[in-house]
Amino acid sequence: MKDAFKAVKVTDKVYWVGAIDWAVRDFHGYLTSRGTTYNAYLVLSEKVTLMDTVKSGFADEMFARIASVIDPRRIDYIVSNHSEPDHAGSLAGVIKAIEPEQVFASKMGVKALGENFGIENVQAVADGQELSLGDRKLTAVETRMCHWPDSMVSYLHEDKLLFSQDAFGMHLAGYERFADEMDEPLLASEAGKYYANILLPLSASVTKAVAKLTELGIPLEIIAPDHGPIWRRDTGRIVSDYARWARQERTDKAVVVYDTMWSSTERMARAIGEGLAAGGTRTRLMSMHGCHRSDVATEMLDAGALLVGAPTINNQIFPTVADVMTYLKGLRPLGVIGAAFGSYGWGGGAGRGLRSMLEEMHVEPIDGALDVVYAPTDEQLLRCYEFGQRVSAELKKRWG
Ligand code: FEO
């Protein structure tokens with residue numbers, strides 16, 4: 001492994017020494033279609049400092065990259081910005097291998113590292129505390145619940161560089177280390193997917209964190225997250241994207257998510273979709289036969305309407321639709337209008353269940369969606385089409 005992996009220079013004194021996970025496709029329920037990276041950074045200050053570590057199983061790669069610039073045993077400090085296993089999973093082994101002088105984390109990080117990984121003697125840094133690295137200075141900024149209670153970011157003053165842990169990241173494997181080396185539409189799509197699937201339910205905390213960073217008035221020339229590429233041009237853009245996504249601004253776009261047993265619910269979904277499109281609404285029809293729940297969540301990042309269709313099976317919501325609805329409920333999209341539709345053979349159940357879930361999600365109901373018995377008639381399909389038109393008009397009224 002040694003010599004085959006190199007560090008990547010970020011500034012004169014900062015190197016990326018993380019790992020690339022080309023193969024991962026599931027990240028707590030999120031389809032990581034393009035893999036990810038676990039970013040760790042080496043600061044070659046007087047006190048040589050390692051910022052975060054990598055997921056268990058990737059430490060050899062990280063050590064090899066570190067060794068390409070410095071003997072890993074010369075590391076004095078480790079700063080753990082976040083204790084989720086994708087960043088702290090290898091930390092205990094790393095500490096054992098290099099025996100650093102000190103490990104730092106937020107107060108909640110100290111607790112989490114002790115309780116979850118058995119890592120003791122971690123020194124807590126308070127919100128706003130400065131940590132001298134000799135010729136350089138780090139400031140810790142707590143960003144609780146972005147992504148976990150322990151989360152903090154660290155600002156390296158001399159390099160105007162923010163180690164932002166999960167924030168401003170994305171799940172995207174690649175040999176390009178900087179966002180400006182990648183395609184813009186790809187970055188926009190993966191950054192949005194990451195926000196929609198990870199940070200959306202924590203939007204209030206994101207708003208606070210962005211305000212906190214803005215109030216500090218620190219120049220952000222470089223943002224170095226724990227996943228995906230490093231931002232070194234126009235960093236304000238990803239910060240303002242976060243501020244906007246956290247506001248959960250809706251648009252006149254509709255997501256029709258459904259599954260089907262014998263094509264009845266699918267025919268209804270397609271008729272609704274035609275009605276929406278005829279009204280000029282950007283419409284995404286997403287069959288759970290072929291779509292992943294995390295792609296539905298991504299489409300919901302800016303959608304104004306969620307229309308959900310399922311057949312009834314054994315008095316319950318069809319399982320694939322129950323799955324995506326449970327996932328969406330946890331992500332807490334706000335300010336959405338919506339309705340449930342579907343078909344059943346005798347007793348029903350899916351419609352009731354879905355309406356109840358939509359209510360729990362505070363989705364504002366729109367009347368007129370149908371539950372049909374067995375298969376929709378032409379007249380019922382026309383009513384589905386008209387329902388789509390009604391939703392379209394409602395979306396236009398609100399966000400058109
Ligand atoms: Fe990338 Fe919340 O861990």
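Key figures for this structure:
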| quantity | calculated |
| --- | --- |
| Heavy atoms of Lys9 accessible to a 1.4 Å probe, total area in Å² rounded to 10 | 100 Å² |
| Hits among lysines - C-alpha to C-alpha of Lys96 under 23 Å, sequence gap 8 or more where chains match | Lys2, Lys6, Lys47, Lys55, Lys107, Lys111 |
| Convex hull volume per residue for segment 1-107, taking Cα atoms only, in Å³ | 106 Å³ |
| Cβ charges +1 (Lys, Arg) and -1 (Asp, Glu), total dipole of segment 260-323, debye | 120 debye |
| Radius of gyration, Dmax [segment 174-235; alpha carbons; angstrom] | 12.8, 34 |
| Distance (nanometres) between label positions extended 7 Å along Cα→Cβ at Asp26 and Gln316 | 1.9 nm |
| Theoretical ellipticity at 222 nm over the chain - DSSP helices of four or more residues, -39500 (n - 2.57) apiece, nearest 500 | -10500 deg cm²/dmol |
| Charge-dipole axis of the chain as Lys and Arg at +1 and Asp and Glu at -1 on Cβ define it, positive-most pick from Met62, Leu276, Ser164 | Leu276 |
| Ranked packing of 137-148, 213-224, most packed first, by mean Cβ within 10 Å | 137-148, 213-224 |
| Cβ-based net charge around Gly169, under 10 Å, with every Lys or Arg adding one and every Asp or Glu removing one | -3 |
| Computed over the chain, Kirkwood Rh from alpha-carbon pairs, angstrom | 22.6 Å |
| Residue-level accessible surface for Asp371, protein heavy atoms, 1.4 Å, Å² | 60 Å² |
| For the chain, size of Cβ-based charge dipole, Lys and Arg +1, Asp and Glu -1, in debye | 480 debye |
| Theoretical FRET efficiency, 1/(1+(r/R0)^6), r = Cβ-Cβ of Asp234 and Asp12, R0 25 Å, to 0.05 | 0.70 |
| Simple spin-label estimate for Phe178 and Ala124 in nanometres, 7 Å along Cα-Cβ | 3.9 nm |
| 1.4 Å probe accessible area per residue over the chain, in Å² | 42 Å² |
| Residue-by-residue Karplus 3J(HN,Hα) for segment 353-358, coefficients 6.51, -1.76, 1.60, Hz, glycine and proline x | x, 5, 5, 5, 5, 4 |
| Size of charge dipole - segment 251-395 - debye, nearest 20, with Cβ of Lys, Arg +1 and Asp, Glu -1, no other charges | 180 debye |
| Net charge of neighbours whose Cβ lies under 12 Å from the Cβ of Pro219, counting Lys and Arg as +1 and Asp and Glu as -1 | -2 |
| Peptides 160-167, 201-208 ordered by average Cβ neighbours within 10 Å, highest first | 160-167, 201-208 |
| Centroid-to-centroid separation of segment 127-156 and segment 292-339 [C-alpha atoms, Å] | 37 Å |
| Accessible-area composition of the chain, carbon plus sulfur, in percent [1.4 Å probe] | 51 percent |
| Relative packing of peptides 236-245, 307-316, 88-97 - highest average C-beta neighbours within 10 Å first | 307-316, 88-97, 236-245 |
| Long-range amide H partners of Thr283 with built H, under 5 Å | Ala254 |
| Extension reserve of the Ser356-Asp76 stretch, reckoned as 0.36 nm per residue once the Cα distance is removed | 95.3 nm |
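The values are calculated or read from the model by the stated rules, or taken from the named source; none is laboratory data. What you are looking at is a predicted structure, and each value in this text was computed from that prediction instead of being measured. Glycine also receives a Cβ, built like all others from the backbone with ideal geometry; neighbour counts cover every protein chain displayed. With ligands, DNA and RNA removed, areas are computed over all heavy atoms of the protein, side chains included. Shrake-Rupley method; radii C 1.70, N 1.55, O 1.52, S 1.80 Å.
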